[in-house]
Every structure is written in structure tokens, then in C-alpha cells.
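The values are calculated or read from the model by the stated rules, or taken from the named source; none is laboratory data. None of these values were measured; they are calculated from a predicted model. Don't worry about glycine lacking a Cβ; one is built from the backbone with ideal geometry, like all the others, and counts go over all protein chains shown. Note: accessible area is taken over every heavy atom of the protein model, side chains too, but ligands, DNA and RNA are not part of it. Shrake-Rupley method; radii C 1.70, N 1.55, O 1.52, S 1.80 Å.
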Amino acid sequence: MNGAHDMGGMDGFGPVEIEKNEPLFHAEWERRAFAMTVAMGAHGHWNIDVSRFMRENRDPLGYLEDSYYERWLYGLEVLLERNDLVTRDEIAARMRALAEDGS
Amino acid sequence: MSQHDHSTPPSDTALRVKALESLLVEKGLVDPAALDVLIDTYENKVGPRNGAAVVARAWSDPAYKVRLMDDATAAIAEFGYTGRQGEHMVAVENTAQVHNMVVCTLCSCYPWTVLGLPPVWYKASPYRARVVKEPRAVLADFGVTLPEDVEMRVWDSTAEIRYLVLPRRPEGSEDLGEAELAALVTRDSMIGTGLALTPGAARAETEAAE
């Protein structure tokens, strides 16, 4: 499948931006999104090819605008919904509940 | 973190991740302690020091180098470096004639067992797009210039096959043991976006860090 992810040879992205002494993660949520994705992968509901496909099978603009771990999060949410494990509605409801708790 | 603006503020993503974790925990699908172990593994245990040990041995032990070039997965497993995202390893050797660089144009495939998790630039669009088209210009972004007659080879990783570059052993390192050699092996030298440090450069870096 072609798509925004298939960017080998594409012009216009500018120079490589190298961060000196880069940390492995740039926010706590990146740690948790990484670990949840790896841990859920170990359940065997899907394999690496399926999870890659879910990250990439989307509108090109959304793919390009997302940061790396936002793409992981997007793919994980699609996989969870398709496997009847967690729905997007459940996530939205839990977000509202957590936001209210915190206010 | 990202070079793009987002339609949703970062706090929203953080909240979303928190909501998702609480649901997965509630449903018994993940254990928060297991997530902590995974994070600790990649932040503190698995990283480029693994790959540096492999390279240092290949420089020191000709028989090991033969095994590494012949079957990198098995040779790397001699160190106990096995598992996720390193199941099918291939080693490619830099020489005076050939310089190898590794990319994943489609995604972020990277040899986790020997290098840990990739840096942001490896996963970002400019490197993925450009290195297959203009490897020398990309090398220049990293401050590296090679003679014109050196052949550039760029390896595009897949979900299965992951590459480890065996950098050239630097001049002045002839008398060093494996541990000292490993200190010369940078992460970027094993991706091909850098060279191994000379002993003098390694000393200067250590002093600068102190």
C-alpha cells in the first residue's frame, strides 16, 4: 500500500535535525504509549505487520502531522477497537472522567 | 519533540494515554508494573553499549568477525542479546572502499537488541526521505565527509531484517583491548551516520563531559 509513510526519495523535508544528548523519551506519555503498545503486542491479537499497517493506513495529513508516538497511539487505538478490546468511545468517556477528577 | 504543530494540545495526548492505560489495566490487559519494567529495560539496560561490545569483539577476534558476517543473529546471541526487533540481524562492514548506512524509509525499523530504541531523527521524515537519494548530503548533516571514490550503500530495513554497521577500526587503536575499543564505538557509527572515534577524540569527549 502506498501512503504518506512511503517517503523514501521524497524531496522537501529539509535537513536532518539532530538533537545532542537526546533522551530516549521526550514526555512521560511517550513512555506509557511505547510500553502499552509493546505489552499489547505480546498478547498475540495482532502481529507486527498488522500494527504497522494500522499506523500507516490513514489520511496522509494525519500521519504527517502526528509525532512518532502519536502514530503509535493512533495505531494502538485502531487495533484495540477492531479486536473489541477498547472502543474510542470508552477512551473519550475515561478522558472526560479523568479531566473532571483533576479539576 | 515534534517539528509539526498539532491540532490537539500535548496535554490532550497525555490525558488520552492516561485514559487508555487506566482502561487497559481495568480490563486486565496490561499490568502497570510490567510497563515499568519495559520502560526501564529500554531506558537503562538495552542500548548502543550492546552493539559496541559486538563491534569491539569483531575488531579484536577475527574468528568472531567471520561468525558475525556469516550469521549476525547467532553471533550477537553469543552475548545474550536476543529477542524483540533483533530476530533477523545482518552485519555490513565499512571498509576503505565501501561505506554502509542504514535506514527504514517506511517506518522506524531498527536493531533494538544491539542499539536500543532509535533516536528521533532516525524516525523523522528528512532522514527517511533523503538518505536513499543523497546519502552523502545526509552524512554532511552529521558532519561526516568521505572521499569521492568511496562507494555508498544504503540498506532499507524491514519489519524482519535489521542491520548493524561494522564501522572501520580507527587508526591508533591497534593496542587497545575490547573494553577500550568499545568506548570508541558510537551509536551513529553503527547506523553509518558517523565514524568510530579515534582514541584521541574519545579522550577529548570524556574530558569535556567531566
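I'm checking my understanding of the structure. Among residues of segment B:122-171 that are among the polar types (S, T, N, Q) and open to solvent by less than 70 Å² (accessible area, probe 1.4 Å), which one is nearest to A:ALA4 (Cα to Cα)? Working first, answer last.
Filtering segment B:122-171 down to residues among the polar types (S, T, N, Q) leaves B:125, B:145, B:157-158.
Keeping just the survivors that are open to solvent by less than 70 Å² (accessible area, probe 1.4 Å) gives B:125, B:157-158.
Details: B:SER125: 10, B:SER157: 18, B:THR158: 17 Å.
Checking each candidate, the answer is B:SER125.
Taken together, the residues in segment B:106-117 that are touching a Cys at 6+ places or on another chain (Cβ under 8 Å) and either in contact (Cβ under 8 Å) with a residue 60 or more places away in the chain or surrounded by fewer than 20 Cβ atoms within 10 Å (Cβ to Cβ) (or both) amount to 0.
Scanning segment B:110-152 for residues that are in contact with a strand residue (DSSP E or B) (Cβ under 6 Å, 6 or more places away or on another chain) and in a loop (DSSP other than H, G, I, E, B) yields B:PRO111, B:VAL131, B:VAL132, B:LEU146, B:VAL150. Annotation: A:PHE53 fulfils all but one of (1) within 12 Å of the chain's Cα centre (by Cα); (2) facing another protein chain (nearest Cβ under 7 Å); (3) of a type outside the set (Val, Ile, Thr); the unmet one is (2).
The residue list A:PHE25, A:PHE13 contains one member that is in contact with a Ser or Thr (Cβ under 9 Å, 6 or more places away or on another chain) and assigned to a loop (DSSP other than H, G, I, E, B), which is A:PHE13. Please determine, by comparing only the residues of segment A:56-83 that are touching a Leu at 6+ places or on another chain (Cβ under 9 Å) and either at the interface with another protein chain (Cβ under 10 Å from one of its Cβ atoms) or not hydrophobic (A, V, I, L, M, F, W, C) (or both), which one is farthest from B:GLY83 (Cα to Cα). Ranking the candidates gives A:ASP66 first.
Considering only helices (runs of 4 or more DSSP H) fully contained in segment B:157-210, which possess at least 1 residues that are farther than 25 Å from B:THR105 by Cβ and touching a residue at least 40 places away in the same chain (Cβ under 8 Å)?
Working: elements: B:178-182, B:187-191, B:199-209.
Hits in segment B:157-210: B:178-182.
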